[in-house]
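Structure record follows, encoded as structure tokens.
The values are calculated or read from the model by the stated rules, or taken from the named source; none is laboratory data. Everything quoted here is computed from the prediction, not taken from an experiment. In this analysis, Cβ positions are derived from the backbone assuming ideal geometry, glycine residues included, and neighbour counts consider all displayed protein chains.
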Amino acid sequence: MFRLDGKVALVTGGSRGIGRATAEAMAAQGATVIVNYVRGEAAAREVADGIIAKGGKAEIAGFDVADTPATEKALEAIVKAQGRFDILVANAGIAIDGLLLRVKDEDLDKLFATNVKGALTCARVASRTMMRAKTGRMIFLSSVVGEMGNTGQTAYAATKAAIIGAAKSIAREYAGRNITSNVVAPGFIETDMTHGMNDAAKEYINKQIPLGRTGTAAEVAAACVYLASDEASYVTGQVLRVNGGMYV
Ligand code: NAP
């Protein structure tokens, strides 16, 4: 079940956190994984080397998803080198938190450029190859706050809500080409993104989670693997929530 043998997958932001776990999980299911990063070349190399050491196939690709020409060039190079492009995991993302009154204009631009424009640029370029192949899987990382909102995260939540609307539209637009588009919406997952929170904040959040704990990157990765697999062939336009019941 859930094998990805022979498939080529790009995981943006695959050097750390949820992206890293997804890259490793997809490689374990047989996919050739392209591990993208923007700054963390050593971390991305470590992920790829770890996959290769276990008998899997992986490469690294450094580019900033917010830089459209660089992203287009990188994805075209992947298609040229691999000859196919089956799975896009648009995971690269940043969080800049703050109450609305204090949100800076440049932070809004950075958030939307990375979390929304970056994901859609990848989807646009990937879709060319997927349309020709008449098959493909797009998986977009949103967040529980994109659906339920959160104090101090208005700007970030807006980007994560935007990605849901985009993924659902892509699902309708590309269904005729057998390309599925789905969202994975994690709750509170232990990664670098959430590492900076103090214990009191973490304790408060744990109380909002019916399962009583934060999630792991591997638990989110498993949802991505499922959506990329043949077993999910009839699932499109959906939001798969991996949040311990925090939002139902
Ligand atoms: P993370 O640990 O902070 O890792 C972020 C990853 O994105 C890194 O690999 C980073 O690369 C990459 N990245 C950031 N900006 C990039 C850019 N402009 N171009 C290319 N790559 C870029 O984040 P995470 O917690 O795993 O989150 C992954 C995704 O899940 C994000 O979209 C996030 O919004 C979403 N999410 C996370 C949580 C959570 O609780 N952690 C909850 C809900 C949703 P470098 O290593 O090169 O910096």
Requested in this report: Could you tell me which residue of the range 33-80 is nearest to the ligand (Cβ to nearest atom), considering only residues that are part of a strand (DSSP E or B) and either crowded, with 22+ Cβ neighbours inside 10 Å or among the aliphatic types (A, V, I, L, M) (or both)?
Outcome: Y37
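Taking only the range 61-79 into account, find how many residues are free of Cβ contacts under 8 Å to residues at least 60 places away in the same chain, more than 15 Å from N91 (Cα to Cα) and in contact with a strand residue (DSSP E or B) (Cβ under 8 Å, 6 or more places away or on another chain).
2
Listed here are the residues, each with its yes/no results for (1) of a type in the set (S, T, N, Q); (2) surrounded by 24 or more Cβ atoms within 10 Å (Cβ to Cβ); (3) in contact with a Phe, Trp or Tyr (Cβ under 9 Å, 6 or more places away or on another chain).
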| site | (1), (2), (3) |
| --- | --- |
| A126 | no, no, yes |
| M138 | no, yes, yes |
| G149 | no, no, no |
| A155 | no, no, yes |
| G165 | no, no, no |
| G176 | no, no, no |
| N182 | yes, yes, yes |
| A185 | no, yes, yes |
| F188 | no, no, no |
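Kindly provide the set of residues from the range 2-15 that are assigned to a loop (DSSP other than H, G, I, E, B) and either in contact with a Cys (Cβ under 9 Å, 6 or more places away or on another chain) or among the aliphatic types (A, V, I, L, M) (or both), ordered by number. Give the steps one after another, and end with the answer.
Here is the first cut: in the range 2-15, the ones assigned to a loop (DSSP other than H, G, I, E, B) are 2-7, 12-15.
Those that are assigned to a loop (DSSP other than H, G, I, E, B) and either in contact with a Cys (Cβ under 9 Å, 6 or more places away or on another chain) or among the aliphatic types (A, V, I, L, M) (or both): L4, T12.
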Query raised in the report: Of the residues that make up the range 81-88, is at least one farther than 19 Å from A58 by Cα, surrounded by 20 or more Cβ atoms within 10 Å (Cβ to Cβ) and modelled with pLDDT of 95 or more?
Result: no
Query - Filter result for the condition that a residue is among the aromatic types (F, W, Y), in a loop (DSSP other than H, G, I, E, B) and farther than 23 Å from L111 by Cβ, over Y247, Y234, Y174 - result: Y234
Report task. Could you please find all residues in the range 16-32 being in a loop (DSSP other than H, G, I, E, B) and free of Cβ contacts under 8 Å to residues at least 40 places away in the same chain? Result -> G30
Requested in this report: Report whether or not V220 is in contact with a helix residue (DSSP H, G or I) (Cβ under 7 Å, 6 or more places away or on another chain), assigned to a helix (DSSP H, G or I), within 17 Å of V239 (Cβ to Cβ) and not hydroxyl-bearing (S, T, Y).
Outcome: yes
Report task. Kindly indicate the residue of the range 89-119 that is in contact with a helix residue (DSSP H, G or I) (Cβ under 8 Å, 6 or more places away or on another chain) and small (G, A, S) and also surrounded by the fewest Cβ atoms within 10 Å (Cβ to Cβ) among those meeting that condition. Result -> G98
